Amino acid sequence: MPGTNSVSRQVSDSAPQSVGLEAGPPQGKGEAGNTLSTSHFHGPRFISNLEGLMLEVFDEIVFSRRFSGGWNQQWLLQPDGQTGRVAFVSLHNGKYLAPDSQQKSVAAVRIAFHWIVLMDDQGRYSLCTPDGDLKLSLPTPPTACSFSPSTVDDDTVKFIILETTPSTQQCLTSGSIGQYAYPNSSFYYTYGPDPSRIHICNDLPGATLFAAVSGQGSNTQWPVGPGVNEHWNRKADALVHISTPISETGEQSAQVYEGKVGRTLHIQNLDLQVRWRGINFVPTEKTTYADPSRAA
């Protein structure tokens, strides 16, 4: 989830909308009455939570798992033209994403099950049961999927649905999903590869950042190039200082973030950071000195 200790996010209060935008009658509680266009999601899709963990199936078990790109993480979306609800079928075994018979857990079944698909103002999705009572939750850290009450509307029930293209696979492999999951945030967090490390990833194209982490361990400042993921060994959360190189005019961007063990801090935008101007240095060949004998 994105951090809020450094930069405030602009979040709209507008209600979620069902996707597709083909007119249709309301069918269930929580539905807006819009059906999903069959061309909206054509071909296999990856479904990820907002920390980069994928919706994966094995036999009849559905759970969250780090990205592998295999068929068990690829889904076909099958809209119902009458209701606008959507079935999710695994490319791995042809089974459908559905609640179990008691609606207490999530399973993969042979009979098609259609979900209400809602989209928020940032293009993230939620999956609701047809009665509108439950929402699918893809948990972090990796474990079996579960349900949350329909009243829950936080990041735990939000997803991104991405085409299976080389570019999206690269983003999912590195965890750099900010453009899809957090388009309005300058930084965000994803699930990290190691529970005893703080990872920092530079999502800025063409810009090198400098990072240092507080706490017990190395406090050396290291450069983090574009697309590079660096780590610091830590046993507990610690503060992270991020800065840019000093420009020719003496300006520099710097900010302190919360570093979380077992998570990767992604920096994707410095436009919202506070800039400060350092001392303007003069080249030696242009330096002049005042005559102290003329001082008043």
Given the conditions (1) crowded, with 17+ Cβ neighbours inside 10 Å; (2) assigned by TED's automatic domain parsing to the domain that holds G43; (3) outside any strand (DSSP E or B); (4) touching a Leu at 6+ places or on another chain (Cβ under 8 Å), every one holds for L136 apart from (3)
The correct count of residues that are at pLDDT 95 or above and of a type in the set (S, T, N, Q) in the stretch 175-184 is 2
Reported set for the stretch 39-68 where residues are at pLDDT below 95 and on the phi > 0 side of the Ramachandran plot is G43, D59
Review point. Farther than 22 Å from I177 by Cα, in contact with a strand residue (DSSP E or B) (Cβ under 9 Å, 6 or more places away or on another chain), free of Cβ contacts under 8 Å to residues at least 24 places away in the same chain and surrounded by fewer than 20 Cβ atoms within 10 Å (Cβ to Cβ), is that true of I111?
Key: yes
Notebook entry, point to check: Could we say that C171 is of a type outside the set (S, T, Y) and touching a Phe, Trp or Tyr at 6+ places or on another chain (Cβ under 7 Å) here?
Noted result: no
Note on the stretch 157-175: residues in contact with a Lys or Arg (Cβ under 9 Å, 6 or more places away or on another chain) and hydroxyl-bearing (S, T, Y) are T164
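The values are calculated or read from the model by the stated rules, or taken from the named source; none is laboratory data. Not measured: the values here are computed from a predicted model. Glycine gets a Cβ as well: all are built from the backbone with ideal geometry, and neighbour counts include every protein chain shown.
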